[in-house]
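K.L.:
Next up is a structure, given as structure tokens.
The values are calculated or read from the model by the stated rules, or taken from the named source; none is laboratory data. Predicted, not measured: the structure shown is a model, and the values here were computed from it. Positions of Cβ are backbone-derived with ideal geometry, glycine not excepted, and every protein chain shown enters the neighbour counts. We work out accessible area using only protein heavy atoms, side chains counted, and drop any ligands, DNA or RNA first. Shrake-Rupley method; radii C 1.70, N 1.55, O 1.52, S 1.80 Å.
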Amino acid sequence: MKTPRKKILLNGMMGSGKSTVGRLLKEVLGWRFVDTDAEIEKRAGKPISRIFAEEGEPAFRKLELKEARRLAGCFNCVVATGGGMFTQPEALQVLAENSLVVHLAARPETLARRLAAAEDRPLLENVQKRERLEEIYKKRQKIYESLPVQIDTENRSPEQVVQAILRRFFSGQEPELIFDRLGEVYSGLNSFEHLPVLIRKMTPVRKIAVLADDVLWPLVKKDFERLFEEEWERLPLVIPAGEGYKSPEQAESLWTQLKDFGADRYTPFIAIGGGVVGDLGGFVAATYMRGIPFIQIPTTLLGQVDSGLGGKTAINYQGVKNLIGSFYHAALTLLDPLFLLTLPKAEVQSGLSEMLKAGILAEPELVDFMEANASELQQGHLPALEWTVGRAARVKLQIVAEDPRERKGKRIFLNLGHTFAHAIESVSAYGIRHGEAVAIGLILAAKLGESLGKTEPGLSQKLQAILLRLGLPTEPPAGKTEEMLQVMQSDKKKKGKRIQFVIPVKIGEPRVVELEDLGIVRKILE
Ligand SMILES: NC(=O)c1ccc[n+]([C@@H]2O[C@H](COP(=O)([O-])OP(=O)(O)OC[C@H]3O[C@@H](n4cnc5c(N)ncnc54)[C@H](O)[C@@H]3O)[C@@H](O)[C@H]2O)c1
């Protein structure tokens, strides 16, 4: 990770979330987490409340200063400092070097609410919590307000707070241009910050339209406002979340809003979100005035390594998924794993299978990395995600660039595991996530190849072991074999009577096989 800073210091009132946020930062950065209060208690062999009662506050502050000196050289550390630690300027001075110093801000009434159940806060005993908090806050206010990074924790989940801190931490970090043959694709932690600069390179127009759904928009709105400020005229287009809104009615409503906004051929159209927003946004951008500059910012892992790349846009029509659409490649795509912080863990996990698929198709190194760092990836370790997202995305983009409109056949390799996955999704009435179905599909594809004598023996076992370590399912639904075979028979990628399967011959070498008789597939499923 490119950063001159070696630690993050969290300061703030009791109840501001220092420990929760600190632990989360530790998890996603893979750093050490130190809570100075806990360290002091450990060394003193008694709780802080007893240190206060038996030795008084000045003695405690001395211990804090000692702790600050001890932690000054801590490398790759998140330090949650006692709320009053920086009332001693020396403690701040000692700790602040090479650190991002953060104040976690919250109103006293919020702090009081969060602390309602706390019994281990000596400064809060025997008085009305809120009044006492206000009193303490007033004493420390100047110090808190002087800290370089102010993060408002009001109405924000710990994940959102961590995201805001890391946007500051990675501020100025250059994103990597990972592909530029079908539009520019940048990857990197906080690459989102570079959006205005990259748009300025594209167009002189200071008008932008932004499409998001009503789940994601509240999470990113502030960042958009901060990035674009007054200089830009913005049209936020917020649609309800869900597949049902990938519809002609929604597309029409967006065309109308763009027209009323005065969008012209140079107005960038940004789609930020999951696959629904990406598909619908791409379709609207492709069709409005015969195509306006389209910018994709996928915010799910699946989106960053698959659905947000490759130029397929679509809406559903008369109950048929993706019936109307076009190929329209985004002029600019930003892959920023910091968005994944607010995504439910199960969704991140589910996206790992598409990433592994990319590795199996063309990047043995990616497969090795995922195998070696499975638990980090599962926990949402950001440096690991940053590396793997970039690698997996490049695999897809390279395949797409050789077959941009799915004509020459190369693109079919992206369906590795998907003939099985679609059947699994269908028989589970879409109760299983797409990525989970792909995980099972990858193993079945390798098993099919092994049974046909075309795949390196043992590959399915190897993949199964990796997917298990990634926490993904590896077995097809029990008792559904015939149903799954029926779904495969109606696969839209069928050629005459033959059904196409992509199998891995070995890692880095996919192949298409066509089967008319599914007897061998039945055996694998059973
Ligand atoms: N174009 C392609 O190549 C392609 C490929 C695969 C799938 N798709 C399409 O993708 C769609 C499915 O996409 P999906 O699974 O991403 O669903 P989705 O777009 O409905 O997103 C799922 C939910 O996650 C929320 N979300 C997204 N990012 C978030 C974040 N960072 N934090 C918190 N919440 C977040 C969204 O707001 C949404 O409510 C389908 O319509 C499918 O057809 C397209």
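K.L.:
Quantify, in whole percent, the carbon and sulfur part of the accessible surface of the stretch 356-482 (1.4 Å probe; protein heavy atoms only).
P.N.:
48 percent
K.L.:
In the stretch 361-446, which chymotrypsin sites (Phe, Trp or Tyr not before Pro) are in a loop and have at most 14 other Cβ atoms within 10 Å, using DSSP for the loop call?
P.N.:
Answer in residue order: Tyr430.
K.L.:
Moving to a separate point now. Pairs to check: Lys222/Lys259; Lys447/Lys523; Lys221/Lys312; Lys447/Lys497; Lys312/Lys408. Give those whose C-alpha atoms are more than 18 Å from each other in this structure.
P.N.:
Lys222/Lys259; Lys221/Lys312; Lys447/Lys497
K.L.:
Note down the relative contact order for the stretch 404-525 as a percent, whole number, built from C-alpha pairs under 8 angstrom at least six residues apart.
P.N.:
Relative CO of the stretch 404-525 lands at 30 percent.
K.L.:
For the chain, give the share of DSSP beta bridges that are antiparallel, in percent and rounded to the nearest 5; count only bridges with both residues there.
P.N.:
Approximately 30 percent, going by the DSSP bridge assignments.
K.L.:
How long, wide and thick is the stretch 434-526, going by the Cα atoms along their three principal axes, in whole angstroms, largest first?
P.N.:
Over the stretch 434-526, Cα extents along the principal axes are 38, 28, 21 Å.
K.L.:
What is the ratio of the Cα radius of gyration of the stretch 235-355 to 2.2 N^0.38 Å, with N the residue count, to two decimals?
P.N.:
1.03
K.L.:
Using R₀ = 35 Å, calculate the FRET efficiency as 1/(1 + (r/R₀)^6) where r is the Cβ-Cβ separation of Glu249 and Lys207; round to 0.05.
P.N.:
Numbers: r = 25 Å, r/R0 = 0.71.
The computed FRET efficiency comes out at 0.90.
K.L.:
Once the Cβ-Cβ distance between Arg522 and Lys321 is put in as r, and R0 is 30 Å, what FRET efficiency do you end up with, to the nearest 0.05? Show your work: numbers first, answer last.
P.N.:
Numbers: r = 27 Å, r/R0 = 0.89.
FRET efficiency, Arg522 to Lys321: 0.65.
K.L.:
To the nearest 500 deg cm²/dmol, what mean residue ellipticity at 222 nm is calculated for the chain from DSSP H runs of n ≥ 4 alone, each contributing -39,500 (n - 2.57), summed and divided by the residues?
P.N.:
One gets -14500 deg cm²/dmol as the mean residue ellipticity at 222 nm.
K.L.:
I've got another one for you. Expected output is a single nm value to one decimal: the length gained when fully extending between Phe261 and Met289, i.e. 0.36 nm times separation in residues minus the C-alpha distance. What is it? Please list the in-between numbers first.
P.N.:
Values: separation 28, 0.36 × 28 = 10.08 nm, distance 1.35 nm.
8.7 nm is the gain from fully extending Phe261 to Met289.
K.L.:
Using DSSP to call loops (not H, G, I, E or B), can you name the trypsin sites (Lys or Arg not before Pro) in the stretch 412-506 whose Cβ has at most 12 other Cβ atoms within 10 angstrom?
P.N.:
The qualifying sites are Lys492, Lys497.
K.L.:
For the peptides 13-24, 83-94, what is the packing order when you average, over each peptide's residues, the other Cβ atoms within 10 Å and list the highest mean first?
P.N.:
On the way: 13-24: 22.3, 83-94: 17.9.
Ranking the peptides 13-24, 83-94 by packing returns 13-24, 83-94.
K.L.:
Let me ask another. Could I have the simple spin-label model distance between Leu177 and Glu509, label points 7 Å from Cα toward Cβ, reported in nm to one decimal?
P.N.:
3.5 nm
K.L.:
For the chain, what relative contact order do you get, as a whole percent, if you take Cα pairs closer than 8 Å and at least 6 residues apart?
P.N.:
Normalised by residue count, the contact order of the chain is 11 percent.
K.L.:
Please identify which residues in the stretch 35-54 have an amide N closer than 18 Å to a label point set 7 Å out from the Cα of Arg69, following the Cα→Cβ vector.
P.N.:
Those under the cut-off are 36-37, 39-41, 43-44.
K.L.:
Right, here's the next one. Before anything else, pin down the relative contact order of the stretch 237-284: Cα pairs under 8 Å, at least 6 apart, normalised by residue count, whole percent.
P.N.:
Across the stretch 237-284, relative contact order equals 47 percent.
K.L.:
Okay, moving on. Taking Rh as the Kirkwood radius computed over C-alpha pairs, what is the Stokes-Einstein D of the chain at 37 °C in a medium of viscosity 0.692 mPa s, expressed in µm² per second? Mind dumping the intermediate values first?
P.N.:
Values: Rh = 25.4 Å.
The Stokes-Einstein estimate is 129 µm²/s.
K.L.:
Next question, about the same structure. Kirkwood hydrodynamic radius (Cα pairs, Å) of the stretch 159-304?
P.N.:
About 15.8 Å for the stretch 159-304.
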